[in-house]
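To start, the structure under review is shown below, and the notes come after it.
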Amino acid sequence: MSYLIKPIQYQALLGLQQTELGIKQIKDFFQQNLSSELRLRRVTAPLFVLKGMGINDDLNGVERAVNFPIKDMGDECAEIVHSLAKWKRLTLADYGINEGYGIYTDMNAIRADEELGNLHSLYVDQWDWEMVMSPQNRNLDFLKEVVNRIYAALVRTEYLVYETFPEISPILPSEITFIHAEELLQRYPNLTTKERENKIAEEYGAVFIIGIGGNLSNGKPHDGRAPDYDDWTTRSENGYHGLNGDLIVWNPVLGQGMELSSMGIRVDKDILLQQLTVSGQENRKELYFHKRLLDGELPQSIGGGIGQSRLCMFYLRKGHIGEIQAGIWPEKMRKDAELLGMPLI
């Protein structure tokens with residue numbers, strides 16, 4: 001069900017032409033910085049993959065992939081990608097990428113089951129990245145190191161926006177705060193997941209919430225994760241599980257937290273088997289991706305996705321993602337957004 005957040009006294013700081021200029025500058029600058037920080041090379045990515053190979057991202061396991069028959073392949077079914085979480089790991093192996101290096105790509109997806117709103121559209125565009133890592137780096141310290149390097153690129157990009165558009169003042173803190181989902185639950189036990197995220201994001205400005213997918217002490221996960229890419233099972237020295245997380249910043253225009261990235265250390269053979277069992281999806285072991293992982297053909301890796309339109313929306317202080325990307329919206333939302341000063345492209 002679509003839902004429109006109505007920013008109080010919203011006024012776009014940039015016109016249409018300035019917005020388009022800002023979008024290009026942000027995308028060009030950030031991806032170059034991301035590539036330099038993590039030693040990533042750009043590769044070409046698919047818009048669709050064959051159904052039934054276990055390559056497509058299952059997200060929370062309930063979203064339907066847009067699909068179509070391929071006439072020249074006997075009507076074999078193809079699916080529009082949800083993300084490239086597993087495809088990237090196959091590519092690391094096939095390209096023979098060395099340890100300490102990786103790949104990034106422009107990921108474009110259609111998510112027909114998305115609930116449309118200020119932050120969600122049918123079209124998803126993000127930088128998907130994946131880096132080969134040593135098995136010895138399967139720990140929280142390494143995850144935090146990579147998050148800090150990505151965050152440094154985010155801070156530098158915000159300053160570029162300020163240099164180009166002085167009316168947009170930087171608001172990101174110099175450092176990001178780390179907190180585990182269980183610690184967040186203990187701090188705000190009576191709040192919903194989203195309310196907890198809003199509280200911590202408003203307090204610190206930028207946070208990375210660790211441990212997404214595994215059940216917390218209340219018997220529920222902070223948020224859903226498919227069982228076959230992020231490691232949300234491994235326990236650290238403090239007893240908390242999960243080697244993944246979400247990067248969330250405080251969005252003053254909408255007055256709430258805003259997720260910019262989801263990332264994590266990927267499953268190895270043992271963790272994959274464990275998470276498939278926990279989630280009751282052991283039948284996936286026979287799929288193409290899973291068999292290659294279980295046969296030891298895929299490298300240990302860390303990876304994630306960073307929303308392109310969301311990043312631009314945050315930096316340019318826009319109230320709706322439809323001010324950044326062209327799309328289809330419910331007519332009522334389009335009219336209401338127009339009245340609020342948020343004309344949707």
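Restricting Arg225, Arg266, Arg235 to residues that are among the basic types (Lys, Arg), buried (at least 21 other Cβ atoms within 10 Å of the Cβ) and modelled with pLDDT under 95 narrows the list to Arg225. Scanning segment 1-37 for residues that are of a type in the set (Lys, Arg) and surrounded by fewer than 16 Cβ atoms within 10 Å (Cβ to Cβ) turns up Lys6, Lys24. Of all residue pairs spaced 6 or more apart or on separate chains, none has beta-carbon atoms under 8 Å together with a first member in segment 114-137 that is free of Cβ contacts under 8 Å to residues at least 40 places away in the same chain and a second member that is surrounded by fewer than 20 Cβ atoms within 10 Å (Cβ to Cβ) and among the basic types (Lys, Arg). The residues of segment 201-230 that are over 15 Å from the mean Cα position of the chain (by Cα) and in contact (Cβ under 8 Å) with a residue 60 or more places away in the chain amount to a single one, Asp228. Yes or no: Ile26 at pLDDT below 95, among the β-branched types (Val, Ile, Thr) and in contact with a helix residue (DSSP H, G or I) (Cβ under 6 Å, 6 or more places away or on another chain)? Spelling it out, it is not the case that Ile26 is at pLDDT below 95, among the β-branched types (Val, Ile, Thr) and in contact with a helix residue (DSSP H, G or I) (Cβ under 6 Å, 6 or more places away or on another chain). With a requirement of 1 or more residues that are without any contact (Cβ under 8 Å) to a residue 24 or more places away in the chain and acidic (Asp, Glu), none of the strands (runs of 3 or more DSSP E) lying completely within segment 234-345 satisfies it. The residues in segment 108-153 that are part of a strand (DSSP E or B) and within 28 Å of Glu297 (Cα to Cα) can be counted, and the count is 9.
Scanning segment 157-216 for residues that are under 24 Å from Leu316 (Cβ atoms), assigned to a loop (DSSP other than H, G, I, E, B) and of a type in the set (A, V, I, L, M) yields Ile168, Ile171, Leu172, Ile176.
Within segment 28-40, the set of residues being closer than 16 Å to Glu163 by Cβ and touching a residue at least 24 places away in the same chain (Cβ under 8 Å) comprises Phe29, Phe30, Asn33. Selection of segment 38-79 for residues being part of a helix (DSSP H, G or I) and either surrounded by fewer than 12 Cβ atoms within 10 Å (Cβ to Cβ) or modelled with pLDDT under 90 (or both) yields Lys71, Asp72, Met73.
Can you find a residue in segment 175-193 that is among the basic types (Lys, Arg) and more than 20 Å from the chain's Cα centre (by Cα)?
Within segment 175-193, the first condition is being among the basic types (Lys, Arg), and the residues that meet it are 187.
Those left that are additionally more than 20 Å from the chain's Cα centre (by Cα): 187.
Among the residues of segment 175-193, at least one is among the basic types (Lys, Arg) and more than 20 Å from the chain's Cα centre (by Cα), which makes the answer yes.
The values are calculated or read from the model by the stated rules, or taken from the named source; none is laboratory data. Because the structure is predicted, anything quoted here is derived from the model rather than measured. Don't worry about glycine lacking a Cβ; one is built from the backbone with ideal geometry, like all the others, and counts go over all protein chains shown.
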